[in-house]
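The values are calculated or read from the model by the stated rules, or taken from the named source; none is laboratory data. Only a predicted model underlies this, so the values are computations on that prediction, with no experimental measurement involved. Glycine gets a Cβ as well: all are built from the backbone with ideal geometry, and neighbour counts include every protein chain shown. Note: areas computed on protein heavy atoms with side chains; ligands, DNA, RNA excluded. Shrake-Rupley method; radii C 1.70, N 1.55, O 1.52, S 1.80 Å.
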There are 2 protein chains.
Amino acid sequence: MSGEFDLISWIAARVSPRSDVLLGIGDDGAILRPPAGSDLVIVTDTLNSGVHFPESTAARDVGWKALAVNLSDLAAMGAAPAWCTLALSLPAPDDAWLDACIDGFLALAEQHGIALVGGDTTRGPLSLTVTACGFVAAGTALRRDAAKVGDDIWVSGTLGDAAAALREVLQGKSCADALRSRLDRPTPRCALGQSLVGISHACIDVSDGVLQDLGHVCAASGVGAEVWLDSLPASDALVVLTVGAERWRLQSAGDDYELCFTADPSQRDGLVALSGVLGIRLTRVGHVIAGSGVRTLDGDGNEVRLKSSGYEHFA
Amino acid sequence: MSGEFDLISWIAARVSPRSDVLLGIGDDGAILRPPAGSDLVIVTDTLNSGVHFPESTAARDVGWKALAVNLSDLAAMGAAPAWCTLALSLPAPDDAWLDACIDGFLALAEQHGIALVGGDTTRGPLSLTVTACGFVAAGTALRRDAAKVGDDIWVSGTLGDAAAALREVLQGKSCADALRSRLDRPTPRCALGQSLVGISHACIDVSDGVLQDLGHVCAASGVGAEVWLDSLPASDALVVLTVGAERWRLQSAGDDYELCFTADPSQRDGLVALSGVLGIRLTRVGHVIAGSGVRTLDGDGNEVRLKSSGYEHFA
């Protein structure tokens, strides 16, 4: 590729079409036809090299993760993915790197039927900002402010794998593939999020750490929460690597891209069935209580204060 | 502000509401209600410090410009601005800088009735990516691929002021306010763009330089263009500073955020009237011809080749 405009054509040629994309990549903007009777959900997240992924991350995984973290936000709102844009800053032209990055991005996009409709390529430190749009039947989007006292608190998948992988990478250790893949190629829970519409009261994606994210749900909903630390779901790879409070800290460190949601206890059977249909582990990890804040309890029911409870920029 | 989450609340409190924003800043995503019978136009542009604006640029102007360049893209599509997101990377927390940056961003947002509905704040080299959404009656958006042989080519406002200001700044010279303000606080032509729907055949915003941007129109439309360099509109400040080919080069260097559009000659009277109504200079600078590429002619009708014809990343 000899420049920005060749790059744009080259990316445009690889994007899968959608019938509601009247004009995709290549003009000042994309022209899109929203479905009638739906609300539009829009999300945006940036990944900066060395901050949101190790500098050693493969280009393909960088592309994948940049879209995945945004799809995870759409999932948390219960929205079906539709369109996205990618703003990519690169220090210097690098065709091989770009090829692999776009490959990873579009592989995940294809899985979720989301069309890349525009973007911007600029010169600068490596950074990717994705904005994604999805749709949900009018008035039914999931939100963080609807948790009710008495709700169960559920978490999808397992927590702590990405944080464990990051720790190993930063310490220069080799890392089990099962953990590393969860750091580099998170699995957004789009089908689960859409299935939770009408079932879940409040939902959030676990990006900053389950306790911190659940804290946002509590603050927005005007409730408190109790979480049983021993019940936080852990992968086999994490169980082999860690014990006790060390594991809990990793499980609440963030970068998981699982969903944390609340639902009335009457939904338990339905959620167990949904878990089977989707092939996604769903675990009850606590319940919503009156008050405020998140209390964490050990196996004996004693309150435990973890030293760190998630990731915050500019803290 | 003590951290990311305070910052988010602080920005949310300053945003003007819109009735179609069901849920704005503060959840995993915003929930928005698109108007019936409209197409959605989505655009995105990144500004990196030291690449897209001088590092000396005031924070308020950085915020303004980040939104302005995106509103300019919406204008080029004929779309009415509705919603936007802002992804902001900052090297370190700086409340005063942020306050001024958001101030500039929201001042322009208010002028155009666009609501900031979400974003992301991350740690990293100073960079702003805005994604903006607008609406246009279904099937009527302006595009680059609809220029017709025989069309007049028009340009709004004046060209070259921002490039002249940048040259002076990079050379460490003082710069006339009239030029510097055009570099730091470009004026997106939103009302003009919306007025051109149904009048203009093809439209593009002049971000990379009028000749290069017009070249995109020609390539997309399968036509050529002749441009009379002497007719390119120049501000008084630019006329004082420059002559001849030097002026032409600045006028085709980019960062103008004016609209370049084509229209049938039968529209001339209507466009002159529109210019008066909107208070925006509109200048005929050439015409669309059969063939391909952009030919530039001097005052004697001789073809001139400028050394540089606009800005391209990764060229």
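For residue A:244, the criteria (1) without any contact (Cβ under 8 Å) to a residue 60 or more places away in the chain; (2) on the phi < 0 side of the Ramachandran plot hold in every case but one, which is (2). Total residues in region A:163-179 satisfying the condition of being open to solvent by less than 50 Å² (accessible area, probe 1.4 Å) and among the charged types (D, E, K, R): the figure is 1. With respect to the conditions (1) among the basic types (Lys, Arg); (2) out of contact with any Phe, Trp or Tyr (no Cβ under 6 Å at 6 or more places or on another chain); (3) more than 28 Å from residue B:139 (Cβ to Cβ), residue B:185 lacks only one, and its number is (2).
Do we find a residue being open to solvent by 30 Å² or more (accessible area, probe 1.4 Å) and under 20 Å from residue A:28 (Cβ atoms) anywhere in region B:76-83? Scanning region B:76-83 turns up at least one residue that is open to solvent by 30 Å² or more (accessible area, probe 1.4 Å) and under 20 Å from residue A:28 (Cβ atoms). Of the set (1) surrounded by fewer than 24 Cβ atoms within 10 Å (Cβ to Cβ); (2) under 20 Å from residue B:18 (Cβ atoms); (3) not small (Gly, Ala, Ser), all apply to residue B:125 but (2).
A quick yes/no check of all residues on (1) more than 14 Å from chain A (Cβ to nearest Cβ); (2) among the acidic types (Asp, Glu); (3) touching a residue at least 12 places away in the same chain (Cβ under 8 Å):
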{"residue": "B:116", "(1), (2), (3)": "no, no, yes"}
{"residue": "B:128", "(1), (2), (3)": "no, no, yes"}
{"residue": "B:132", "(1), (2), (3)": "no, no, yes"}
{"residue": "B:136", "(1), (2), (3)": "no, no, yes"}
{"residue": "B:153", "(1), (2), (3)": "yes, no, yes"}
{"residue": "B:195", "(1), (2), (3)": "yes, no, yes"}
{"residue": "B:203", "(1), (2), (3)": "no, no, yes"}
{"residue": "B:226", "(1), (2), (3)": "yes, yes, yes"}
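The selection criterion, being under 18 Å from residue B:167 (Cβ atoms) and either assigned to a loop (DSSP other than H, G, I, E, B) or out of contact with any strand residue (DSSP E or B) (no Cβ under 9 Å at 6 or more places or on another chain) (or both), holds for residue B:207. Only strands (runs of 3 or more DSSP E) whose full extent lies in region A:1-87 are considered here, and the ones with at least 3 residues that are within 9 Å of chain B (Cβ to nearest Cβ) and in contact (Cβ under 8 Å) with a residue 24 or more places away in the chain are A:38-48. Of the listed requirements (1) in contact with a helix residue (DSSP H, G or I) (Cβ under 9 Å, 6 or more places away or on another chain); (2) open to solvent by 10 Å² or more (accessible area, probe 1.4 Å); (3) of a type in the set (A, V, I, L, M, F, W, C), residue A:135 misses just one: (1). Here the condition is being open to solvent by 40 Å² or more (accessible area, probe 1.4 Å), closer than 19 Å to residue B:52 by Cβ and part of a helix (DSSP H, G or I); of B:247, B:182, it holds for B:182 alone.
Considering B:72, B:56, B:38, B:49, the condition of being among the hydroxyl-bearing types (Ser, Thr, Tyr), modelled with pLDDT of 95 or more and open to solvent by 10 Å² or more (accessible area, probe 1.4 Å) is satisfied by B:38 alone. Taking (1) within 17 Å of the chain's Cα centre (by Cα); (2) in a loop (DSSP other than H, G, I, E, B); (3) not charged (D, E, K, R) in turn, residue A:174 satisfies each apart from (1).
Every residue, every condition in (1) more than 19 Å from residue A:203 (Cβ to Cβ); (2) buried (at least 22 other Cβ atoms within 10 Å of the Cβ), yes or no:
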{"position": "A:90", "(1), (2)": "yes, no"}
{"position": "A:107", "(1), (2)": "yes, no"}
{"position": "A:116", "(1), (2)": "yes, yes"}
{"position": "A:131", "(1), (2)": "yes, yes"}
{"position": "A:141", "(1), (2)": "no, yes"}
{"position": "A:145", "(1), (2)": "no, no"}
{"position": "A:159", "(1), (2)": "no, yes"}
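In the condition set (1) over 14 Å from the mean Cα position of the chain (by Cα); (2) surrounded by 21 or more Cβ atoms within 10 Å (Cβ to Cβ); (3) not charged (D, E, K, R), residue A:193 is compliant with all but (1). Among the residues of region A:250-282, those that are more than 20 Å from residue A:78 (Cβ to Cβ) and crowded, with 19+ Cβ neighbours inside 10 Å comprise A:250, A:251, A:252, A:253, A:254, A:255.
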